[in-house]
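Notes to accompany the following structure.
The values are calculated or read from the model by the stated rules, or taken from the named source; none is laboratory data. Here the structure is a predicted model, which means the values were calculated and not measured. Glycine gets a Cβ as well: all are built from the backbone with ideal geometry, and neighbour counts include every protein chain shown. These area figures cover heavy atoms from the full protein model, side chains too; ligands, DNA and RNA do not enter into them. Shrake-Rupley method; radii C 1.70, N 1.55, O 1.52, S 1.80 Å.
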Amino acid sequence: MLEVLTGTGLAASAGLNAYIPLLTMGLLARYTSLIDLPSGWQWLGNGWVLTILAVLLAIEVVADKVPVVDHVNDVVQTVVRPTAGGLAFGAGASSETVTVSDPASFFSSNQWVPVVTGVLIALGVHLLKSAARPVVNATTGGVGAPVASTAEDATSVVMSVVAIVLPALVLAFLLGLALVGFGFRRRRADRRREREAARAAGFRV
């Protein structure tokens, strides 16, 4: 079960920022004993791979904090984030970490299942993020974009580390994301009703 929580946390993190969970796993595998990547995923700890991920992360961090540019970035990331989520889930769920000593006991076959699972989890989080950002920009005049982006990046970092070190806490993060998604959908519904009411009032006048 811990393997699933580790993979889920990393995939959800990728839905917020594609490169943070991959870079986190690579750095921890290369410089610490907190995670031991399986043979098929050890390329994440390669120096060149880490450098490329760091550069892509820097670009993502800047682009995601500029109104309008963040929307374009989200469109591009519709492919990148789910892909990263699949990689993160596959690598994380198959790795030996400080909490998982025998990952092969869970995913003993059907190795494509973790990757597909990660793609779907990251895609769901990405769609929530992409839908919420225009609302944040519209209601704050664009001022809220860097604040929201910074909060998302921080959440992605914390969730990536927690998924590896304390995977049981991933459930709390997922509950928080679910509550945010529920609140966002409710707020959108309220705003839609307000617009319809204003439109109806205008017609009566």
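For this structure, a couple of remarks:
- Ala58 vs. criteria out of contact with any His (no Cβ under 6 Å at 6 or more places or on another chain) and farther than 16 Å from Val161 by Cβ: yes
- Flag if Ala14 is touching a His at 6+ places or on another chain (Cβ under 9 Å) and either in contact (Cβ under 8 Å) with a residue 12 or more places away in the chain or charged (D, E, K, R) (or both): yes
- Residues of region 1-40 classified as buried (at least 21 other Cβ atoms within 10 Å of the Cβ) and among the aromatic types (Phe, Trp, Tyr), total: 1
- Single unsatisfied condition, Ser108 versus (1) more than 17 Å from Ser149 (Cα to Cα); (2) open to solvent by 20 Å² or more (accessible area, probe 1.4 Å); (3) modelled with pLDDT of 90 or more; (4) of a type in the set (Gly, Ala, Ser): (3)
- Selection within region 129-144 - in contact with a Lys or Arg (Cβ under 9 Å, 6 or more places away or on another chain) and touching a residue at least 60 places away in the same chain (Cβ under 8 Å): Lys129
- Within region 129-143, the set of residues being open to solvent by 50 Å² or more (accessible area, probe 1.4 Å) and part of a helix (DSSP H, G or I) comprises Pro134, Ala138, Thr139, Thr140.
- Count of region 59-93 residues, restricted to those that are of a type outside the set (A, V, I, L, M, F, W, C) and open to solvent by 40 Å² or more (accessible area, probe 1.4 Å), is 5.
- Restricting attention to region 13-24, the residues that are within 14 Å of Ile52 (Cα to Cα) and aliphatic (A, V, I, L, M) total 4.
- Subset tally (residues that are in contact with a Phe, Trp or Tyr (Cβ under 8 Å, 6 or more places away or on another chain) and within 17 Å of Ser130 (Cβ to Cβ)) for region 146-174: 1
- Positions within region 145-176 being in contact with a Lys or Arg (Cβ under 9 Å, 6 or more places away or on another chain) and modelled with pLDDT under 85, in sequence order: Ala145
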